[in-house]
Structure formats: C-alpha cells, structure tokens
Amino acid sequence: MNPPKGSKGGGKAGIGERFQQDTKYKPDNMEGHTLDWSKQPEPFKNYEAPLATIPLPEPDLTGVPNLWQLLYSRRSRREYETGQPLPPEKLSTLLWATQGVTARYGEVLFRTAPSAGGLYPVETYLFVRAVEGIEPGIYHFRPHTFDLEFLKKGDLARDVAEAALGQTIVMAAQVTFIWTAVIERSRWKYRQRAYRYIYLDAGHIGQNLYLAAGALGLGVCAIGAFFDDKANSIIGLDGLEETVIYMAAVGWPQG
Ligand SMILES: Cc1cc2nc3c(=O)[nH]c(=O)nc-3n(C[C@H](O)[C@H](O)[C@H](O)COP(=O)(O)O)c2cc1C
C-alpha cells in the first residue's frame, strides 16, 4: 500500500493514518453488521455511592444574547479574575448549554448538542474551584436528573493543572469541564468508526460551552493537551472503557 499523503517519512503509515484509512466507509464494506439491541449500553451513568448529590438551580435562559455577536467575539481566554466565585445559576446554564436535555422521543433524551446516532457517549465531569455554595472538588453531571454527583473533595487545582501538561489556566479558572467518553455506547453501533464520532461529538459540546460562556460574560479555553493517565486517575477512570477526551477552563475573563 502506498503511504497516505501527509504521512511522515514516506514509509510505514502511523497509527493516525491507519486509523483514518481503516475506519473508512466504502460501498463494499457496509454490510454484515446487525445491531444486538440486548447489548446496547446504558445511555446514562450514575455513581453508586457519591459523597453527595447536589441539585442544580434552574438554568437562567432569560438573557437575549446576539448569536452573531457571540460568534464574532468568541476567543479562547486564558487569564481569569480569581477573586469572585461563579454563581451556581451560571454553572447550571453552562451545563444545560453543553448537555442539557431538550426533548424526549421514546427512550432517547435529546440534548442541546448533537450526537452521532443519538448515543451520547460523552460524560461531563467538573473540577469546581470556586462556585458559590458548591465545595471544591470533582463532580459528575447527570443530564437526566440535572444534578451533580460529588465524587472527590478538595482543591485539586494543582493536580488538574499538572494533568493539563502544567498549564496553569485551570488554577485560576472558577471551574474546569472535563469530558470523558464511555466508548461502548458508540462502539456498540459504529465499531471502530465510533472513535471518529466521539471526538466530533466533543467538538460540538465544546463550541456550545464557548458560546454559552460568552453569553454569560465568562471566558473559556479548550484544553486538548493533557497527560491522559493523570487526567483519568483524577476522576478514577480506567482510560479504556471510559477515558478523558477533552477539557475546558471557564472563568471571569481579565480585561
Ligand atoms: C481541540 C482543541 C484543543 C485545544 N487545546 C488547548 C490547550 O491545551 N491549551 C490552550 O491554551 N489552548 C488550547 N486550545 C485553544 C486554541 O489554541 C485556540 O482555539 C486557537 O489558538 C484559536 O484561538 P481562538 O479560540 O481564540 O479563536 C485548543 C483548542 C481546540 C479546538
């Protein structure tokens, strides 16, 4: 096989090139896969014994932001005012904007961000550093009950920053979103092509966060650079069946 264009060295294709080639849909490889509905994974995650379950206030959807202006002014912001905590309504609004449930068709709960096949493989965790009335620590967001499961107590800013390749933005951010993927939710249907869709799903969620944060006067910086194992260990994940795929720092922007 000729090396795919863009592969370095002109010799053996790297894992990225092989992944792209091997997960192609082609007219002659589309048959022979039937879905085993009895094996469809649960679409939602619930922790058995969280430290606490924190109800979230109603998201505040009363403002009238101008979408064109938000798109125009959207920028990654890396410097935040550290003094003022985030009101919980703003956190609720961001969670709703990224993964809020907006419709139900049968068993499927549709959300603010699209998802390949309506399978919603992405889970949302938070590192809360400074949100009014919410203790610092790691939380898991449940879209179906619109609440937070408290998983780990403490100011883990340094750990999360270390996981993010030492990027100190998370030390000033009021909250850091940590998105994971439960791979089987998508792999069950799309097999190895699932990995393409999982990352596409995450991109939609990330942009929703940027735009919603802009509407609330908050700044965001996406974080794709992190030590995977360290990020997974902060949340307590194996990194195989569920793994961190993306993060974003959110705070009051400076200037
Ligand atoms: C997938 C992805 C990963 C990113 N990872 C990081 C990161 O780890 N650290 C960082 O400072 N910025 C990160 N960014 C932000 C980009 O640097 C930024 O979007 C780009 O420079 C364009 O600037 P703008 O967002 O202000 O338009 C990331 C953005 C994306 C979309």
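Being of a type in the set (Gly, Ala, Ser) and either open to solvent by 20 Å² or more (accessible area, probe 1.4 Å) or under 16 Å from residue 91 (Cα atoms) (or both) is the filter here; which residues of region 131-171 pass it?
Restricting attention to region 131-171, the residues satisfying the condition of being of a type in the set (Gly, Ala, Ser) are 133, 137, 154, 157, 161, 163-164, 166.
Listed by number, the residues that qualify are 133, 137, 154, 166.
In the list 86, 56, 71, which residue meets the criterion of being more than 26 Å from residue 194 (Cα to Cα) and surrounded by fewer than 17 Cβ atoms within 10 Å (Cβ to Cβ)?
Values: 86 fails: surrounded by fewer than 17 Cβ atoms within 10 Å (Cβ to Cβ); 56 fails: surrounded by fewer than 17 Cβ atoms within 10 Å (Cβ to Cβ).
Sole residue among the options that is more than 26 Å from residue 194 (Cα to Cα) and surrounded by fewer than 17 Cβ atoms within 10 Å (Cβ to Cβ): 71.
Restricting attention to region 89-126, which residues are touching a Ser or Thr at 6+ places or on another chain (Cβ under 8 Å), small (Gly, Ala, Ser) and open to solvent by 20 Å² or more (accessible area, probe 1.4 Å)?
Selection gives 116, 117.
Any idea how many residues of region 140-184 are more than 16 Å from the ligand (Cβ to nearest atom), touching a Gly at 6+ places or on another chain (Cβ under 9 Å) and not in a strand (DSSP E or B)?
6
Tell me, which residue of region 87-118 that is out of contact with any strand residue (DSSP E or B) (no Cβ under 9 Å at 6 or more places or on another chain) and outside any helix (DSSP H, G or I) is nearest to residue 61 (Cα to Cα)?
Only one residue fits best here, namely 114.
Name the pairs whose Cβ atoms lie under 7 Å apart, with the first residue in region 187-212 and open to solvent by 20 Å² or more (accessible area, probe 1.4 Å), the second among the acidic types (Asp, Glu) and away from the ligand (no atom under 12 Å from the Cβ), and 6 or more positions between them or separate chains?
192/22
Run residue 58 past the list (1) within 23 Å of residue 135 (Cβ to Cβ); (2) touching a helix residue (DSSP H, G or I) at 6+ places or on another chain (Cβ under 6 Å); (3) assigned to a loop (DSSP other than H, G, I, E, B) and report the number of the one that doesn't hold.
Condition not satisfied by residue 58: (2).
Working only within region 108-148, note down all residues that are free of Cβ contacts under 8 Å to residues at least 60 places away in the same chain and of a type in the set (Lys, Arg).
Hits for region 108-148 are 111, 129.
Please find, within region 209-255, the residue that is nearest to the ligand (Cβ to nearest atom) out of those that are assigned to a helix (DSSP H, G or I) and within 13 Å of residue 75 (Cα to Cα).
Within region 209-255, the first condition is being assigned to a helix (DSSP H, G or I), and the residues that meet it are 209-215, 228-235.
Narrowing the set further to residues that are within 13 Å of residue 75 (Cα to Cα) leaves 209-215.
Details: 209: 11, 210: 8, 211: 12, 212: 15, 213: 12, 214: 11, 215: 16 Å.
The residue in question is 210.
For region 162-200, which residues satisfy the criterion of being out of contact with any strand residue (DSSP E or B) (no Cβ under 6 Å at 6 or more places or on another chain), under 29 Å from residue 114 (Cα atoms) and among the hydrophobic types (A, V, I, L, M, F, W, C)?
Matches in region 162-200: 163, 183, 188, 194, 200.
The values are calculated or read from the model by the stated rules, or taken from the named source; none is laboratory data. This structure is a prediction, so every number in the text was calculated from the model and none was measured. Note that we place each Cβ from the backbone using ideal geometry, even for glycine, and neighbour counts take in every protein chain shown. Just so you know, the surface numbers come from the protein's heavy atoms only, side chains and all, with ligands and any DNA or RNA stripped out. Shrake-Rupley method; radii C 1.70, N 1.55, O 1.52, S 1.80 Å.
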